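Colleague: Mind looking over this structure? Questions follow.
The values are calculated or read from the model by the stated rules, or taken from the named source; none is laboratory data. Here the structure is a predicted model, which means the values were calculated and not measured. As a convention, Cβ positions derive from the backbone with ideal geometry for all residues, glycine included, and neighbour counts pool all protein chains shown.
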Amino acid sequence: MAKKGDWVRIHNIVLRSEQRTGKLPDDTRASDLQMWTKGFLQDEAAEIGDEVTVLTAAGRLEKGTLFEERPHYTHSYGDFVPEIIEIDRQLREILHGGEK
Amino acid sequence: MAVNLPKDYDSVMARGNDIMKEALGLDYTPFESGSVAFDYEALMKSTNYTLDEINRIQSRTGVGNTPLLELRNITALARKYAKPGYGARIFVKDEAANASGSFKDRRAACACAHAKKLGYKGVVAATSGNYGAAVASQAAMQGLECIIVQECYDSKGIGQPEIVEKARKCEALGAEVIQLTVGPELFYTTLSVLEDTGFFNASLYSPFGISGIETLGYEIAMQCREKLGRDPDLVVCTNAGGGMLTGTARGLLKAGCKDTKVYAASIDLSGLSMASDVDFNRKSCTTGHTGFGVPYATDPDHSDVPRSAARPLRYMDKYVTVTQGEFLYMTEMLANLEGLERGPAGNTALTAAFSLAQEMPEDAILVVSETEYTGAGKHIQPQLAFARENGIDIHFGIPQEEDKPGVNIILPKDPSYIKHKVADLDHFRRSRIKKAVQKAGVALENLTPEDLQYLADETKTDIAFVKETLGL
């Protein structure tokens with residue numbers, strides 16, 4: 001349950017697939033054009049999925065479906081990639097011939 | 001601010017020209033001839049900013065005068081694969097040292113200063129790249145609101161890690177980020193936001209933005225003269241929308257570098273559609289690739305301004321490509337041999353430079369025009385991990401023979417397999433000439449002498465080449 005003033009993320013369908021008329025590949029045309037943004041909740045209280053209004057960082061009022069409360073970043077440096085270690089070893093070997 | 005206007009797709013797009021004129025504070029019609037030609041130099045002069053003024057704007061906001069670093073270990077490695085006496089000295093302009101971590105600050109500084117001067121309250125930019133952070137940073141410094149519109153997710157809501165990181169950075173710098181799924185209708189959302197807010201369109205392709213990059217070329221010239229006593233022989237620019245190459249080349253010319261060659265380098269993404277929802281997350285670079293580089297070079301005027309100020313074919317001496325596996329390998333090389341951990345896509349030109357240097361004598365000077373910041377998501381490890389999660393085959397091999405964008409990433413099995421390919425520049429030039437005539441809807445028999453000269457200037461060719469291309 002989010003309450004007024006909470007920082008939240010909202011979701012919107014900008015264009016439904018049938019409204020997409022431009023020159024598009026089939027896979028894109030078959031999908032809705034979706035949008036996400038963040039802001040301070042303006043409604044007294046809301047649950048995920050409710051239609052709400054937010055005040056964004058740039059001072060815009062935007063309507064949408066409540067998508068996430070207290071949104072946070074989850075991107076990272078990813079899983080271990082053994083090839084990277086191999087590149088490092090190879091480069092130093094070639095450049096310095098094993099001696100440093 | 002528009003009140004009670006219909007906001008559906010067709011209505012907003014129909015008002016597009018008026019919205020853009022309001023949002024740029026610039027009328028492009030005086031530059032049009034009514035035929036194919038338009039007066040590019042008059043458009044660039046219309047900004048009324050001299051190189052000195054731009055330098056003043058940029059130095060007030062932590063932009064420009066970045067170090068020119070010699071890559072001694074990479075040069076030594078390249079020489080191991082060159083014939084005796086060959087292997088140019090490789091230098092890189094460390095543009096990651098700009099306030100928000102890329103050369104895009106040069107564009108954003110001027111766009112924001114201009115918005116401020118004209119009295120706009122905020123700026124909007126449509127970009128999934130470093131330009132977002134640059135505009136957000138400059139808007140913060142110059143006291144403007146900022147909205148960045150990004151193409152970030154596929155239809156399942158899976159974000160490209162690099163673009164997700166760029167969104168984080170924009171938000172950290174105080175901007176609102178509107179994130180969209182794949183599709184060119186991003187332009188509709190951008191127009192709609194510009195109309196509602198009355199903010200300035202800090203387009204990547206405005207003359208203010210492109211003039212801002214001229215200082216980069218100028219600094220390269222001055223630093224080479226100071227450090228090395230002469231002009232660079234070759235400057236290699238990573239090419240996507242064409243702004244980097246256009247601005248850098250113009251700056252070099254303003255510094256009087258008449259003999260310096262300027263090459264474009266892009267990552268070859270042949271076979272992947274830039275508008276495809278599925279292909280979106282099957283690539284490991286979000287810029288610097290042929291998916292932007294070729295269409296923007298051959299048809300610059302399909303951006304968010306009536307006429308793009310980025311027109312790279314006017315300045316390009318050669319167009320070379322490298323593969324995804326090569327630029328990822330090269331990024332690791334820059335970190336591991338030179339101690340410079342810098343973002344991946346900006347190293348496209350460096351990848352080409354490693355191979356190009358081997359064709360140049362040892363005393364030649366080759367400058368790579370940029371680096372960019374790196375971070376979570378925007379780094380080769382998350383890119384390779386993400387590719388593997390998406391079923392992309394990653395292995396060591398021969399990139400020039402095995403590379404299939406969207407299917408595999410071929411890491412060169414040793415540095416001798418980093419080899420640029422030369423693209424057919426004359427083919428792109430012909431394509432530019434034909435598209436310009438077709439777009440203007442002018443019959444061949446009605447082309448004016450001014451049109452022919454314009455098309456020659458557009459493609460760095462001559463009237464004979466233009467005539468031959470058009471069958472005249």
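Colleague: Restricting the search to the range B:424-460, which residues are assigned to a loop (DSSP other than H, G, I, E, B), out of contact with any Ser or Thr (no Cβ under 6 Å at 6 or more places or on another chain) and under 19 Å from B:Asp301 (Cβ atoms)?
Modeller: B:Gly441, B:Leu447, B:Lys460
Colleague: For B:Ile394, indicate whether it is over 30 Å from B:Phe103 (Cα atoms), at the interface with chain A (Cβ under 9 Å from one of its Cβ atoms), more than 23 Å from the chain's Cα centre (by Cα) and β-branched (Val, Ile, Thr). Step through it out loud before you land on a result.
Modeller: Values: over 30 Å from B:Phe103 (Cα atoms): yes; at the interface with chain A (Cβ under 9 Å from one of its Cβ atoms): yes; more than 23 Å from the chain's Cα centre (by Cα): yes; β-branched (Val, Ile, Thr): yes.
It is true that B:Ile394 is over 30 Å from B:Phe103 (Cα atoms), at the interface with chain A (Cβ under 9 Å from one of its Cβ atoms), more than 23 Å from the chain's Cα centre (by Cα) and β-branched (Val, Ile, Thr).
Colleague: If you take the residues of the range B:368-391 that are farther than 20 Å from B:Phe280 by Cβ and among the acidic types (Asp, Glu), which of them is nearest to the other protein chains (Cβ to nearest Cβ)?
Modeller: Only one residue tops the list, namely B:Glu372.
Colleague: Let me ask you something else. If B:Ala167 satisfies every condition in (1) facing another protein chain (nearest Cβ under 10 Å); (2) surrounded by fewer than 24 Cβ atoms within 10 Å (Cβ to Cβ) but one, which is the exception?
Modeller: In the conditions (1) facing another protein chain (nearest Cβ under 10 Å); (2) surrounded by fewer than 24 Cβ atoms within 10 Å (Cβ to Cβ), B:Ala167 misses (2) alone.
Colleague: Okay, next question. Please specify each residue of the range B:439-465 satisfying the condition of being within 25 Å of the chain's Cα centre (by Cα) and more than 30 Å from B:Thr323 (Cα to Cα). Don't jump to the end; show me each part of the working.
Modeller: Quick first cut of the range B:439-465, residues within 25 Å of the chain's Cα centre (by Cα) only: B:439, B:454-461.
Those that are within 25 Å of the chain's Cα centre (by Cα) and more than 30 Å from B:Thr323 (Cα to Cα): B:Lys439, B:Tyr454, B:Leu455, B:Ala456, B:Asp457.
Colleague: Taking the range A:59-82 as the region of interest, how many residues are among the polar types (S, T, N, Q) and either touching a His at 6+ places or on another chain (Cβ under 7 Å) or away from every other protein chain (no Cβ under 11 Å) (or both)?
Modeller: Pass one, the range A:59-82, residues among the polar types (S, T, N, Q): A:65, A:74, A:76.
In the following step, the residues that additionally are either touching a His at 6+ places or on another chain (Cβ under 7 Å) or away from every other protein chain (no Cβ under 11 Å) (or both) were identified as A:65.
Looking only at that region, the number is 1.
Colleague: Can you find a residue that is modelled with pLDDT of 95 or more, within 22 Å of the chain's Cα centre (by Cα) and hydroxyl-bearing (Ser, Thr, Tyr) anywhere in the range B:415-424?
Modeller: For the range B:415-424, residues modelled with pLDDT of 95 or more, within 22 Å of the chain's Cα centre (by Cα) and hydroxyl-bearing (Ser, Thr, Tyr): absent.
Colleague: Which residue is nearest to B:Lys104 (Cα to Cα), if the candidates are limited to the range B:170-219 and must be in a helix (DSSP H, G or I) and of a type in the set (Val, Ile, Thr)?
Modeller: Within the range B:170-219, the first condition is being in a helix (DSSP H, G or I), and the residues that meet it are B:170-172, B:186-197, B:207-219.
Add one more test, that the residue is of a type in the set (Val, Ile, Thr), and what stays is B:189-190, B:193, B:197, B:210, B:213, B:215.
Numbers: B:Thr189: 23, B:Thr190: 20, B:Val193: 22, B:Thr197: 24, B:Ile210: 10, B:Ile213: 8, B:Thr215: 12 Å.
Within the range B:170-219, the match that is nearest to B:Lys104 (Cα to Cα) is B:Ile213.
Colleague: Which of the residues that make up the range B:328-375 are in a helix (DSSP H, G or I) and within 15 Å of B:Ala97 (Cβ to Cβ)?
Modeller: Within the range B:328-375, the first condition is being in a helix (DSSP H, G or I), and the residues that meet it are B:328-338, B:345-359.
Correct list: B:Leu334, B:Glu338, B:Gly346.
Colleague: Here's a follow-up. Name, by its number, the condition in (1) over 25 Å from the mean Cα position of the chain (by Cα); (2) within 14 Å of another protein chain (Cβ to nearest Cβ); (3) assigned to a helix (DSSP H, G or I) that does not hold for B:Glu401.
Modeller: (2)
Colleague: A further question on this structure: For B:Lys258, which of the numbered conditions (1) farther than 25 Å from B:Ile409 by Cα; (2) crowded, with 22+ Cβ neighbours inside 10 Å fails to hold?
Modeller: Of the numbered conditions (1) farther than 25 Å from B:Ile409 by Cα; (2) crowded, with 22+ Cβ neighbours inside 10 Å, the odd one out for B:Lys258 is (2).
Colleague: Just wondering, is there one or more residues in the range B:73-90 that are assigned by TED's automatic domain parsing to the domain that holds B:Thr348, over 25 Å from B:Thr348 (Cα atoms) and of a type outside the set (Asp, Glu)? Let's see the steps before the verdict.
Modeller: To start, the set of residues in the range B:73-90 that are assigned by TED's automatic domain parsing to the domain that holds B:Thr348 comprises B:73-90.
Adding the requirement that they be over 25 Å from B:Thr348 (Cα atoms) leaves B:84-85.
Within this subset, residues satisfying the condition of being of a type outside the set (Asp, Glu) are B:84-85.
Looking for residues that are assigned by TED's automatic domain parsing to the domain that holds B:Thr348, over 25 Å from B:Thr348 (Cα atoms) and of a type outside the set (Asp, Glu), one finds at least one in the range B:73-90, hence yes.
Colleague: Follow-up. Within the range B:132-144, which residues are surrounded by fewer than 22 Cβ atoms within 10 Å (Cβ to Cβ) and either facing another protein chain (nearest Cβ under 8 Å) or touching a Gly at 6+ places or on another chain (Cβ under 7 Å) (or both)? If you could, list the steps in order and put the result at the bottom.
Modeller: Narrowing the range B:132-144 to residues surrounded by fewer than 22 Cβ atoms within 10 Å (Cβ to Cβ): B:140-143.
If the condition is that a residue be surrounded by fewer than 22 Cβ atoms within 10 Å (Cβ to Cβ) and either facing another protein chain (nearest Cβ under 8 Å) or touching a Gly at 6+ places or on another chain (Cβ under 7 Å) (or both), then B:Ala140 is the only one that fits.
Colleague: Something else: Restricting attention to the range B:56-65, report how many residues are part of a loop (DSSP other than H, G, I, E, B), surrounded by 23 or more Cβ atoms within 10 Å (Cβ to Cβ) and on the phi < 0 side of the Ramachandran plot.
Modeller: First, the residues of the range B:56-65 that are part of a loop (DSSP other than H, G, I, E, B): B:61-65.
If we keep only those that are surrounded by 23 or more Cβ atoms within 10 Å (Cβ to Cβ) too, we end up with B:63-64.
When the remaining residues are screened for being on the phi < 0 side of the Ramachandran plot, the result is B:63.
Of the residues in the range B:56-65, 1 are part of a loop (DSSP other than H, G, I, E, B), surrounded by 23 or more Cβ atoms within 10 Å (Cβ to Cβ) and on the phi < 0 side of the Ramachandran plot.
Colleague: Suppose we filter A:His96, A:His75, A:His11 for residues that are of a type outside the set (S, T, N, Q) and closer than 22 Å to B:Asp196 by Cβ; which single one remains?
Modeller: Numbers: A:His96 fails: closer than 22 Å to B:Asp196 by Cβ; A:His75 fails: closer than 22 Å to B:Asp196 by Cβ.
The match here is A:His11.
Colleague: Across the range B:196-234, what is the total count of residues that are of a type in the set (Gly, Ala, Ser) and within 14 Å of another protein chain (Cβ to nearest Cβ)?
Modeller: Looking only at the range B:196-234, we keep the residues that are of a type in the set (Gly, Ala, Ser), and these are B:198, B:202-203, B:206, B:209, B:211-212, B:217, B:221, B:229.
Still in the list and also within 14 Å of another protein chain (Cβ to nearest Cβ): B:198, B:202.
Within the range B:196-234, residues that are of a type in the set (Gly, Ala, Ser) and within 14 Å of another protein chain (Cβ to nearest Cβ) number 2.
Colleague: Considering only the range A:21-35, state which residues are modelled with pLDDT of 95 or more and within 18 Å of B:Lys7 (Cα to Cα).
Modeller: Residues satisfying the conditions are A:Asp32, A:Leu33, A:Gln34, A:Met35.
Colleague: Quick one: which of B:Leu334, B:Leu313 is touching a residue at least 60 places away in the same chain (Cβ under 8 Å) and away from chain A (no Cβ under 14 Å)?
Modeller: On the way: B:Leu334 fails: away from chain A (no Cβ under 14 Å).
It is B:Leu313.
Colleague: Considering only the range A:23-39, I want to know if a residue exists there that is among the charged types (D, E, K, R), facing chain B (nearest Cβ under 10 Å), part of a loop (DSSP other than H, G, I, E, B) and exposed (fewer than 15 other Cβ atoms within 10 Å of the Cβ). Talk me through it step by step, then tell me what you get.
Modeller: First, the residues of the range A:23-39 that are among the charged types (D, E, K, R): A:23, A:26-27, A:29, A:32, A:38.
Filter once more, so that each one left must be facing chain B (nearest Cβ under 10 Å): A:23, A:26-27, A:29, A:32, A:38.
Narrowing further to those that are part of a loop (DSSP other than H, G, I, E, B): A:23, A:32.
In the following step, the residues that additionally are exposed (fewer than 15 other Cβ atoms within 10 Å of the Cβ) were identified as A:23.
Within the range A:23-39 (the criterion being among the charged types (D, E, K, R), facing chain B (nearest Cβ under 10 Å), part of a loop (DSSP other than H, G, I, E, B) and exposed (fewer than 15 other Cβ atoms within 10 Å of the Cβ)), the answer is yes, since at least one residue qualifies.
Colleague: If you take the residues in the range B:179-195 that are within 7 Å of chain A (Cβ to nearest Cβ) and closer than 18 Å to B:Asp8 by Cβ, which one is surrounded by the most Cβ atoms within 10 Å (Cβ to Cβ)? Even if it seems obvious, please write down each step before you answer.
Modeller: Residues of the range B:179-195 within 7 Å of chain A (Cβ to nearest Cβ): B:179-185, B:189.
When the remaining residues are screened for being closer than 18 Å to B:Asp8 by Cβ, the result is B:180, B:183-185, B:189.
Working: B:Leu180: 24, B:Gly183: 27, B:Pro184: 16, B:Glu185: 22, B:Thr189: 22.
In this case the residue turns out to be B:Gly183.
Colleague: Within the range A:61-100, track down each residue that is assigned to a loop (DSSP other than H, G, I, E, B), basic (Lys, Arg) and under 19 Å from the mean Cα position of the chain (by Cα).
Modeller: Taking the range A:61-100 and keeping what is assigned to a loop (DSSP other than H, G, I, E, B), we get A:70-81, A:97-100.
With basic (Lys, Arg) added as a condition, the list becomes A:70, A:100.
Selection gives A:Arg70 alone.
Colleague: Name every residue in the range A:51-74 that is among the charged types (D, E, K, R) and surrounded by fewer than 15 Cβ atoms within 10 Å (Cβ to Cβ), in order of residue number.
Modeller: The answer is A:Glu51, A:Lys63, A:Arg70.
Colleague: Within the group B:Leu5, B:Leu26, B:Leu43, which residue is on the phi < 0 side of the Ramachandran plot, assigned to a loop (DSSP other than H, G, I, E, B) and surrounded by 17 or more Cβ atoms within 10 Å (Cβ to Cβ)? Before you say what the answer is, go through the steps one by one.
Modeller: Values: B:Leu5 fails: surrounded by 17 or more Cβ atoms within 10 Å (Cβ to Cβ); B:Leu43 fails: assigned to a loop (DSSP other than H, G, I, E, B).
Every option except B:Leu26 fails the conditions.
Colleague: Oh, and also: Can you tell me which residue among B:Gly247, B:Gly288, B:Gly256, B:Gly251 is on the phi > 0 side of the Ramachandran plot, in contact (Cβ under 8 Å) with a residue 60 or more places away in the chain and of a type in the set (Gly, Ala, Ser)? Quick ask: steps written out before the conclusion?
Modeller: Details: B:Gly247 fails: on the phi > 0 side of the Ramachandran plot; B:Gly256 fails: in contact (Cβ under 8 Å) with a residue 60 or more places away in the chain; B:Gly251 fails: on the phi > 0 side of the Ramachandran plot.
Being on the phi > 0 side of the Ramachandran plot, in contact (Cβ under 8 Å) with a residue 60 or more places away in the chain and of a type in the set (Gly, Ala, Ser) holds for just one of B:Gly247, B:Gly288, B:Gly256, B:Gly251, which is B:Gly288.
Colleague: Hey, another quick one. Scan the range B:229-251 for residues that are within 14 Å of B:Lys93 (Cβ to Cβ) and surrounded by fewer than 24 Cβ atoms within 10 Å (Cβ to Cβ) and jot them down.
Modeller: Scanning the range B:229-251 gives a single hit, B:Leu234.
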